[in-house]
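One structure below.
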Amino acid sequence: MATAVPVERDAVAQALAGPTREVRLAGATLHRTPRTYDLLAAGVGPALAAASTAAALTSAALAGAPYDLVVSAGIAGGFAPDAPLGSLVVADEITAADLGAQTADGFLPVTELGFGTITHRPPCALVRQTATATGARTGAVLTVSTVTGTAARAAALRERHPRALAEAMEGFGVAEAAAAHGTPVLEIRAVSNAVGPRDRAAWRIGAALAALTTAFGKLTPVLESWTPHDR
């Protein structure tokens, strides 16, 4: 099984397979492991993540070796108290939280404007197996283009998305690229900070990356045994 993994690359390479070799593509550089996983540092934000992931997926398809699965992994802000610092979250829905229009009556997602989509849903069986193997919580992971920095915005997001456990900046872009190729997607995040007032002193990025590395060590058997038929 060939799996593309847009990730915080250094955090999971060792857990997945050890040494990697670079494969340069148009617009992206893959880090290929001995165990048929390709790692991709997809960049910050949904647009770059989508473009980088699409480049990798398209290259693989043209080579006659399409990917079976795309895993979006990294750190995230967690909504207290459900996703505390250092915890893991696996998305059962990947939702673009700020894709829409601001109106006098409030925010309207593009779906209510009559076009587009704002949510992708990873395979239920894979989400369940991932959560069991890693101890992750399951819920919605929001994709935002602007990181939340106030209590008011955090409350507004939670009101619109009551199942949200975390926010990050790439998952929806990765999922859009995967959907265009008909490839399943999974998103797993380690919580490095609380969603709300911006306080860099309280961030725990190192601890979150360590948790993510540990999670991938436990996740590898799940990825190796999973097939696209296990929805």
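Numerical summary
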| read-out | value |
| --- | --- |
| Pairs with Cβ under 7 Å, 6+ apart, first in region 128-145 and farther than 14 Å from LEU186 by Cβ, second assigned to a helix (DSSP H, G or I) and open to solvent by 10 Å² or more (accessible area, probe 1.4 Å) | THR143/PRO46; THR143/PHE172; SER145/PRO46 |
| Test: residue in region 32-45 that is in contact with a Gly (Cβ under 8 Å, 6 or more places away or on another chain) and on the phi > 0 side of the Ramachandran plot | yes |
| Odd one out for GLN129 among (1) under 27 Å from SER225 (Cα atoms); (2) of a type in the set (S, T, N, Q); (3) assigned to a strand (DSSP E or B) | (3) |
| Filter pass, THR119 being under 15 Å from ARG189 (Cα atoms) and polar (S, T, N, Q) | no |
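The values are calculated or read from the model by the stated rules, or taken from the named source; none is laboratory data. Note that the coordinates shown come from a computational prediction; the quantities given were computed from them, not determined experimentally. Here Cβ is always computed from backbone atoms with ideal geometry, including for glycine, and neighbour counts include all displayed protein chains. Accessible surface areas use protein heavy atoms only, side chains included; no ligands, DNA or RNA. Shrake-Rupley method; radii C 1.70, N 1.55, O 1.52, S 1.80 Å.
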